[in-house]
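Participant: The structure follows.
The values are calculated or read from the model by the stated rules, or taken from the named source; none is laboratory data. In this text the structure is predicted, and so the values were computed from the model without any measurement. Reconstructed Cβ throughout: ideal geometry from the backbone, glycine too, with neighbour counts over all protein chains shown.
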Amino acid sequence: MRPMYPARRLVVPEARGEVLEIGVGTGLNLALYDPAAVRRVVGVEPDPHMLRRAREKAAAVRLPVELHEASAERLPFPAEHFDTAVVTWSLCTIPDPAAALAEVRRVLRPGGRLLFIEHTRSKQPGVARVQRWMTPVWARLLGGCHLDRPHHGGALGDQNQRYPANDPGRAAKFTEKLKSDPREFCGHRVSEVVRTDGLKLVFEDGSWVCYRLSGTEPVVRVYSEARSERGLEKLSTAAKKWIFE
């Protein structure tokens, strides 16, 4: 996806330590990793023809690269093995994206980061109808890419809320938020509060919001299987707003 290369340049250089790339494809991202911050990149890709082209690119970069022909739904790595996972426009091609994300979680170390870019079904009904109409042919021509995948239904995502450089007090304020024990959250009843490296609020329908502080940036994760697109969007908006109250 060369037209989307600028977006890759914003995300991939954020990777650190031992890196797993899901759907490495032809290796478009390999030149974007920072050799000073990344110890090794391990890429998985089920298509052997794409892997052959990726190996050519791997030989030209200044960091160790391992490439495996493997499925994202069944990663051949032990638990808590990587510091960062990178997924750029690959979830749309994976038959079971929820299983792939569960595997990513399994192999990430505590405090590890998931960096991803993805396209989803449009919120505009007319565009969404065109996407559904095009997907059967589109998927055949472009390696299984689904234009009409929803952005909810078990999907897990990180949203980094960067603090302005002139407002360092917000990091301290957010840290205080992590010490709270809310039973109501923006109109939603909290059924369970879990503390690991941050604060996780679980709601009665099984959806949840998780907060943690990464340096001076709060990272927000929102997950839901039961909520509608509109309901999930409201929960996500509330989750981000809560940081700055």
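Participant: Can you work out which of the residues in the range 67-102 that are acidic (Asp, Glu) and either in contact with a Lys or Arg (Cβ under 7 Å, 6 or more places away or on another chain) or not assigned by TED's automatic domain parsing to the domain that holds Gly27 (or both) is farthest from Val41 (Cα to Cα)?
Facilitator: By that ranking, first place goes to Glu80.
Participant: So if I check each of Val61, Val42, which one is touching a Leu at 6+ places or on another chain (Cβ under 6 Å), surrounded by 15 or more Cβ atoms within 10 Å (Cβ to Cβ) and closer than 27 Å to Ala99 by Cβ?
Facilitator: None of the others qualify; the one that does is Val42.
Participant: Determine whether Leu75 is touching a helix residue (DSSP H, G or I) at 6+ places or on another chain (Cβ under 8 Å), surrounded by 16 or more Cβ atoms within 10 Å (Cβ to Cβ) and either charged (D, E, K, R) or on the phi < 0 side of the Ramachandran plot (or both).
Facilitator: In short, yes.
Participant: Being aliphatic (A, V, I, L, M) and surrounded by fewer than 21 Cβ atoms within 10 Å (Cβ to Cβ): is that true of Ala31 here?
Facilitator: yes
Participant: Also, quick follow-up: Failed condition for His119, given (1) modelled with pLDDT under 75; (2) of a type outside the set (Val, Ile, Thr); (3) in contact with a strand residue (DSSP E or B) (Cβ under 7 Å, 6 or more places away or on another chain), with all others met?
Facilitator: Every condition holds for His119 apart from (3).
Participant: Any idea which residue in the range 202-245 is modelled with the lowest pLDDT, counting only those that are under 13 Å from His188 (Cα atoms) and assigned to a loop (DSSP other than H, G, I, E, B)?
Facilitator: If we take residues in the range 202-245 being under 13 Å from His188 (Cα atoms) and assigned to a loop (DSSP other than H, G, I, E, B), then Arg227 is modelled with the lowest pLDDT.
Participant: For the range 18-64, give me each residue that is of a type in the set (Val, Ile, Thr) and within 21 Å of the chain's Cα centre (by Cα). Working first, answer last.
Facilitator: Of the residues in the range 18-64, the ones of a type in the set (Val, Ile, Thr) are 19, 22, 24, 26, 38, 41-42, 44, 61.
Answer for the range 18-64, where residues must be of a type in the set (Val, Ile, Thr) and within 21 Å of the chain's Cα centre (by Cα): Val19, Ile22, Val24, Thr26, Val38, Val41, Val42, Val44.
Participant: Restrict the check to the range 54-64 and report whether at least one residue is charged (D, E, K, R) and either in contact with an Asp or Glu (Cβ under 8 Å, 6 or more places away or on another chain) or closer than 24 Å to Pro110 by Cα (or both).
Facilitator: Taking every residue of the range 54-64 in turn, none turns out to be charged (D, E, K, R) and either in contact with an Asp or Glu (Cβ under 8 Å, 6 or more places away or on another chain) or closer than 24 Å to Pro110 by Cα (or both).
Every residue, every condition in (1) surrounded by 18 or more Cβ atoms within 10 Å (Cβ to Cβ); (2) touching a helix residue (DSSP H, G or I) at 6+ places or on another chain (Cβ under 6 Å); (3) of a type in the set (Gly, Ala, Ser); (4) modelled with pLDDT of 95 or more, yes or no:
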{"site": "Ala54", "(1), (2), (3), (4)": "yes, no, yes, yes"}
{"site": "Glu66", "(1), (2), (3), (4)": "no, no, no, yes"}
{"site": "Arg106", "(1), (2), (3), (4)": "no, no, no, no"}
{"site": "Lys123", "(1), (2), (3), (4)": "no, no, no, no"}
{"site": "Met134", "(1), (2), (3), (4)": "no, no, no, no"}
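Participant: Hey, another quick one. Given the structure, is Leu10 within 16 Å of Val87 (Cα to Cα), touching a helix residue (DSSP H, G or I) at 6+ places or on another chain (Cβ under 6 Å) and among the aliphatic types (A, V, I, L, M)? Working first, answer last.
Facilitator: Details: within 16 Å of Val87 (Cα to Cα): yes; touching a helix residue (DSSP H, G or I) at 6+ places or on another chain (Cβ under 6 Å): no; among the aliphatic types (A, V, I, L, M): yes.
In short, no.
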